[in-house]
Amino acid sequence: MESEVCHLCGGDGRIGNALGRSTATCPGCHGSGRRADTSTRFRDVTKTKASHYDRPAVAEAPKGPRTPVTAEGVQLAREVTESTVLADDAKARLIAEIINHESTHGRCTHTFMKKVRKQARPGQPNL
Ligand SMILES: [Zn+2]
């Protein structure tokens, strides 16, 4: 029982033209004479999902602005960062204060800038 015989060529692997003189390789079986039946193979349907979870964890961007947005705030934050008298946690706290001040005032007031500068550069004359 030849259930896999190519139906196009009947198992010859070749197809003759109307004149019977020249033959061509059967497009259905590519000359094998057997049906190259790939359409009923198991389809891989398992790869549709679940691969997203394999992505490496990317550090999520913190919510809200983490750096000053105004020119004064940026300058002030730079002075805080470059301060030689402040500890890292104090710098972070001051910068957070700058950001917070900006968000409530829309800009850095001179009073606030003086206050921050006093902490960042205590040796400097009061501006
Ligand atoms: Zn064939």
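The values are calculated or read from the model by the stated rules, or taken from the named source; none is laboratory data. All values reported here derive from a predicted model rather than from experimental measurement. Here the Cβ positions follow ideal geometry from the backbone for every residue, glycine too, while neighbour counts run over all protein chains shown.
A few comments on the model shown:
- Residue satisfying all of: in region 80-96; in a helix (DSSP H, G or I) and surrounded by 17 or more Cβ atoms within 10 Å (Cβ to Cβ); nearest to the chain's Cα centre (by Cα) among these: Ile95
- Scan of region 84-127 for residues that are within 16 Å of Arg66 (Cα to Cα) and in contact with an Asp or Glu (Cβ under 7 Å, 6 or more places away or on another chain), ordered by number: Arg107, Cys108
Yes/no matrix, rows are residues, columns are (1) within 16 Å of the ligand (Cβ to nearest atom); (2) over 35 Å from the mean Cα position of the chain (by Cα); (3) part of a strand (DSSP E or B); (4) modelled with pLDDT under 65:
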position: Ser3; (1), (2), (3), (4): yes, yes, no, yes
position: Ala36; (1), (2), (3), (4): yes, yes, no, yes
position: Ala61; (1), (2), (3), (4): no, no, no, yes
position: His101; (1), (2), (3), (4): no, no, no, no
